[in-house]
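Student: Please see the structure below; I have some questions.
The values are calculated or read from the model by the stated rules, or taken from the named source; none is laboratory data. These figures come from a predicted structure and were not determined experimentally. Ideal geometry is used to build each Cβ from the backbone, glycine not excepted, and the neighbour counts take in all protein chains shown.
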Amino acid sequence: MTKIIKLEDRENNADKAENRVSSRREFLKWSSAAALTAFAFGALNPESLSAKTAFLGLPIDDDKAGVVDVGKGDIGVLNFVYANEQLEAAFYTQVMATRYAGMTSEESAILTDIRDNEIAHREFFRAQLGKKAIPNLQVNFTSINFNSRQSVLQTAQMFEDNGTAALNGGGQLLKNPLFLLIAGKLVSVEARHAAILRDLQRPMSTFFSGDDITDPATGLDPARTPAQALAVVKPFVVTPISIARLPQPKM
């Protein structure tokens, strides 16, 4: 028997789809607003980037960098976060510079929002750390298939899950209450990114906050030490990073 779809049903389904797009964008609204504010620190316009500048929004140096020591105390912790923001900004800049086949307008809008968030985070830490900021890191994304939706979204999810866990674990190392407040705000943005990327992969499911990333007993996201978080992203960073002088966490 042929199923008859009424015109009003089609309109209702279209409205639901449109509302879902709006809800996802609204989910990122506050982090996007923060991103736009942070562009006052001088971030580049992502749309003007060339292939040469795509990886960091900055010229790529041909010389191989030496070991980068993030430092000690609160400055060391902030530099470690800054390193992660450099990596994420580089990744999303490349995602949007070489869009995967079949990227929908919704996905493009969401990934653009996340890219702009991460660039703003990077520029915020660069400006606040000033002369104490570590140099630009060199990255290697050759293991990622940027033409594959699955490869891009799974990698993005990995970066955001790891960034959230790193901030959860690193917050206890900060002594200055203001820095801790900044880390607390930042981790909420990273968690939003992770949730929406998961929802893009498995819409209308519990995967956005699944048991693989949220402890079913506590409802909390995991926490990782700087060493654990660095190990996850090490394959994507060419520049050697030393975290030997960071405070030791109590996990």
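Student: Can you tell me which residue in region 107-136 is farthest from the chain's Cα centre (by Cα), limited to those that are under 26 Å from Asp199 (Cβ atoms) and charged (D, E, K, R)?
Tutor: Going through the qualifying residues, I end up with Glu107.
Student: How about region 172-182: which of its residues are surrounded by fewer than 20 Cβ atoms within 10 Å (Cβ to Cβ) and touching a helix residue (DSSP H, G or I) at 6+ places or on another chain (Cβ under 8 Å)?
Tutor: Once the filter is applied, which keeps residues that are surrounded by fewer than 20 Cβ atoms within 10 Å (Cβ to Cβ) and touching a helix residue (DSSP H, G or I) at 6+ places or on another chain (Cβ under 8 Å), region 172-182 yields Lys175, Asn176, Phe179, Leu180.
Student: For the subset of region 178-212 comprising residues that are over 20 Å from Phe91 (Cα atoms) and in contact with a Lys or Arg (Cβ under 8 Å, 6 or more places away or on another chain), which member is modelled with the highest pLDDT?
Tutor: Pro203
Student: So, one more: Restricting to region 147-180, name every residue that is within 21 Å of Asp74 (Cβ to Cβ), among the aliphatic types (A, V, I, L, M) and in contact (Cβ under 8 Å) with a residue 12 or more places away in the chain.
Tutor: Ala165, Ala166, Leu167, Leu173, Leu174, listed by residue number.
Student: Still on this structure, I have one more. Quick one: which of Glu118, Glu123, Glu85, Glu107 is of a type outside the set (Lys, Arg) and either farther than 26 Å from Leu230 by Cβ or part of a loop (DSSP other than H, G, I, E, B) (or both)?
Tutor: Going through Glu118, Glu123, Glu85, Glu107 in turn, the sole match is Glu107.
Student: Next question, about the same structure. Please determine, by comparing only the residues of region 126-142 that are assigned to a helix (DSSP H, G or I) and in contact with a helix residue (DSSP H, G or I) (Cβ under 8 Å, 6 or more places away or on another chain), which one is nearest to Gly66 (Cα to Cα).
Tutor: Here the residue is Lys132.
Student: Which of the numbered conditions does Lys250 fail, given that it passes all the others? Conditions: (1) basic (Lys, Arg); (2) closer than 17 Å to Val77 by Cα; (3) surrounded by 14 or more Cβ atoms within 10 Å (Cβ to Cβ).
Tutor: Of (1) basic (Lys, Arg); (2) closer than 17 Å to Val77 by Cα; (3) surrounded by 14 or more Cβ atoms within 10 Å (Cβ to Cβ), only one is false for Lys250: (3).
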